[in-house]
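Below is one structure, written out as structure tokens; comments come after it.
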Amino acid sequence: MAEIERESMEYDVVIVGAGPAGLSAAIRLKQLDPDTSVVVLEKGSEVGAHILSGAVLDPSGLDALIPDWKAKGAPLNVPVKQDNFYVLGEAGKMRLPNFIMPPLMNNHGNYIVSMGNVCRWMAEQAEELGVEIFPGMACSELVYGDDGALSGVVAGEFGKNEDGTPGPNYEPGMVLAGKYVFLSEGVRGSLSKEVIAKYGLADNCDVPKFGIGMKEIWEVKPENHNEGEVTHTMGWPLGWKNSGGSFIYHLDNNQVYVGYIVDLNYKNPYLFPYMEFQRFKHHPAIAKVLKGGKRVAYGARAVTKGGFQSIPQSAFPGGALLGCSVGLVNLPRIKGNHNAMHSGMAAAEAAHAALKDGRAGDVLDGYDAALRSGPVGKDLKKVCNVAPLNSRFGPLGGLMLGGFDMWFQSVFQFSLFGTLKHGKTDAQATEDASKHQPIDYPKPDGTLSFDRLTNVSFSMTNHEESQPCHLQLKDAAVPIDVNLPRFAEPAQRYCPAGVYEVVEEQGKDARFVINFQNCVHCKTCDIKDPSQNINWVTPQGGDGPNYPNM
């Protein structure tokens, strides 16, 4: 096939992803030099369409980026007024008093927000400064210079046939070239995976670790609503062998965010994270809040939880990794948006200094150093052992030892444990099905709990069906020949959108079916598949979920 010819546009800095990291970088670049040309490319149909986060926002990043954000109308309208942490049993709960929690866990001064709406507001601030933002522009390919440095991306390719060949309405897209390219794709971005492998950026760090976060927005009865209340839980229904927990955030307008995170290092391939979330809502304490209300939105997203020791080299020839592309979530705080903003600013400052010196396409070493020694590194170092302790000693032992370690580091600025290793990847943690028993989950009742396909309809997800499947199997035989007999094919369960099915018809061989139209872009399959046989790549621009207020 003849090489595709594409038009090209050149910028000083090209940014992939209009999340808090990418938008912070764009704004900071323009603050430092209004003449710097900056473009932000967003695969969602609009800015915020693919943003899903809890979210209780620590405003430290926003304070540093736009100090007068209140006067400029930033959508931070619900300050945290009440902070609760419960350990749940099947029918009861025990509250852990706030005074035993390490100081860094305090939510005083934070805000319950929709990060999708915060990003929409940040995009407006960026555009006022002269940043060009193109939504609906998925970046499908990286472009490298003759010297091997990243020099740009291909964006806006549309109209491929199912087999990947150009269709009748094919649009080749264009090359957006930059002196520096920032990848701020969020968790497990496909382009970020490519550069991490190409440049060996993870050679000197620990393995990455993840959770799957699922979230619903509920409109509840006024008498069940307490604006500004933040509640976190652990324990039931996951129990004490698997780590994870919930969040319940009361924002304004009688709305409540209800979410559940299941750490993906679980061993039992029969575990069904989505059904754990649905079962959780039937706990008496949770059902009491939701009773008489209605669910209005649903979504899911992988969460980084590796912490400081899992941060890869964040700068490489021609570019940088920002935000959750590096993995900057503070696990016990369940917060990463402030660190994403700090990383964007640090990358912008390093690129500005380089451009001022007439440089282009080299390694922004100053960024990687600033990330590790600045606000992000300081935030993550104090909690670096929480995830490894959870893995080794389970949620209860991890709670006690992790709490001790965070207290000790807060007081003495070092850890008695040093920096612990994670060990296995989440894929490697999956054990053979023969070692475990299937789990019998209650059927959703359609009032508090829902089946996956019904819930996916509340994510407003849509994909053009004629395009190539963006969930690529490295070996099409593996799901049935390897994963099914050995692991009971866990893709049927770990996917929170019902994308993967094993279809067994009488008299016929089992088939592995991929319903890619359902995909909410959580990336769990790319992370948890025990054979590492699934590669998530971007579908065409604008496709996927269309989250309203996530």
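The values are calculated or read from the model by the stated rules, or taken from the named source; none is laboratory data. Just so it is clear, the model here is predicted, and its values are computed rather than measured. Counting neighbours? That spans all protein chains shown, and the Cβs are built from the backbone with ideal geometry, glycine included. These accessible areas exclude ligands, DNA and RNA; they are computed on the full protein's heavy atoms, side chains included. Shrake-Rupley method; radii C 1.70, N 1.55, O 1.52, S 1.80 Å.
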Grab the helices (runs of 4 or more DSSP H) fully contained in the stretch 333-403, keeping just those with 1 or more residues being β-branched (Val, Ile, Thr). 375-381
Looking only at the stretch 133-141, decide whether some residue is in contact with a Ser or Thr (Cβ under 6 Å, 6 or more places away or on another chain), at positive phi and at pLDDT 95 or above. yes
Given (1) under 25 Å from TYR547 (Cα atoms); (2) touching a Phe, Trp or Tyr at 6+ places or on another chain (Cβ under 7 Å), number of the condition ASP252 does not satisfy: (2)
Selection from the stretch 418-438 of residues that are of a type in the set (A, V, I, L, M, F, W, C) and part of a helix (DSSP H, G or I): ALA427, ALA429, ALA433
Flag if THR425 is at pLDDT below 95, open to solvent by 10 Å² or more (accessible area, probe 1.4 Å), of a type outside the set (Gly, Ala, Ser) and out of contact with any His (no Cβ under 6 Å at 6 or more places or on another chain): no
Being under 14 Å from VAL13 (Cβ atoms), open to solvent by 10 Å² or more (accessible area, probe 1.4 Å), touching a residue at least 40 places away in the same chain (Cβ under 8 Å) and among the small types (Gly, Ala, Ser): is that true of GLY167 here? no
Conditions (1) open to solvent by 50 Å² or more (accessible area, probe 1.4 Å); (2) part of a strand (DSSP E or B); (3) touching a residue at least 24 places away in the same chain (Cβ under 8 Å) -> VAL14 fails only (1)
In the list VAL118, VAL80, which residue meets the criterion of being in contact (Cβ under 8 Å) with a residue 12 or more places away in the chain and in contact with a strand residue (DSSP E or B) (Cβ under 6 Å, 6 or more places away or on another chain)? VAL80
Looking at VAL363, VAL326, VAL376 in this structure, which one is farther than 18 Å from SER60 by Cα, surrounded by 24 or more Cβ atoms within 10 Å (Cβ to Cβ), at pLDDT 95 or above and β-branched (Val, Ile, Thr)? VAL326
Reported set for the stretch 203-234 where residues are more than 30 Å from PRO545 (Cα to Cα) and surrounded by fewer than 21 Cβ atoms within 10 Å (Cβ to Cβ) is ASP203, ASN204, CYS205, GLU223
Looking at SER343, is it touching a residue at least 24 places away in the same chain (Cβ under 8 Å), buried (at least 23 other Cβ atoms within 10 Å of the Cβ) and farther than 30 Å from ASN483 by Cα? yes
Based on this model, can you work out whether ARG120 counts as under 26 Å from ASN253 (Cβ atoms), charged (D, E, K, R) and either assigned to a helix (DSSP H, G or I) or in contact with a helix residue (DSSP H, G or I) (Cβ under 8 Å, 6 or more places away or on another chain) (or both)? yes
For ARG301, which of the numbered conditions (1) more than 20 Å from the chain's Cα centre (by Cα); (2) open to solvent by 20 Å² or more (accessible area, probe 1.4 Å); (3) among the basic types (Lys, Arg) fails to hold? (1)
Taking the residues in the stretch 87-108 that are of a type outside the set (A, V, I, L, M) and open to solvent by 80 Å² or more (accessible area, probe 1.4 Å) as candidates, determine which candidate is farthest from PHE408 (Cα to Cα). GLU90
Taking strands (runs of 3 or more DSSP E) that fall entirely within the stretch 124-234, which contain at least 1 residues that are out of contact with any Lys or Arg (no Cβ under 9 Å at 6 or more places or on another chain)? 132-135, 139-144, 150-155, 158-160, 166-171, 174-183
Looking only at the stretch 61-74, which residues are buried (at least 17 other Cβ atoms within 10 Å of the Cβ) and either in a strand (DSSP E or B) or in contact (Cβ under 8 Å) with a residue 24 or more places away in the chain (or both)? GLY61, LEU62, LEU65, ILE66, ALA74
Select, from ARG279, ARG301, the only residue that is among the charged types (D, E, K, R), in contact with a His (Cβ under 8 Å, 6 or more places away or on another chain) and within 30 Å of ASP432 (Cβ to Cβ). ARG301
Of everything in the stretch 183-202, what is open to solvent by 10 Å² or more (accessible area, probe 1.4 Å), under 19 Å from SER140 (Cα atoms) and among the hydrophobic types (A, V, I, L, M, F, W, C)? Give them in sequence order. ILE196, ALA197
Within the stretch 39-59, does at least one residue satisfy the condition of being over 23 Å from LEU355 (Cβ atoms), without any contact (Cβ under 8 Å) to a residue 12 or more places away in the chain and either open to solvent by 10 Å² or more (accessible area, probe 1.4 Å) or touching a Gly at 6+ places or on another chain (Cβ under 8 Å) (or both)? no
Report the residue count in the stretch 459-503 for those that are crowded, with 18+ Cβ neighbours inside 10 Å, within 26 Å of the chain's Cα centre (by Cα) and not in a loop (DSSP other than H, G, I, E, B). 10
Do we find a residue being buried (at least 18 other Cβ atoms within 10 Å of the Cβ) and part of a strand (DSSP E or B) anywhere in the stretch 519-535? yes
Exactly one condition in (1) in a helix (DSSP H, G or I); (2) closer than 25 Å to ALA340 by Cβ; (3) of a type in the set (Gly, Ala, Ser) is not met by SER415; state its number. (1)
Test ARG295 against the criterion of being among the basic types (Lys, Arg) and either open to solvent by less than 10 Å² (accessible area, probe 1.4 Å) or within 17 Å of ASP445 (Cβ to Cβ) (or both), and give yes or no. yes
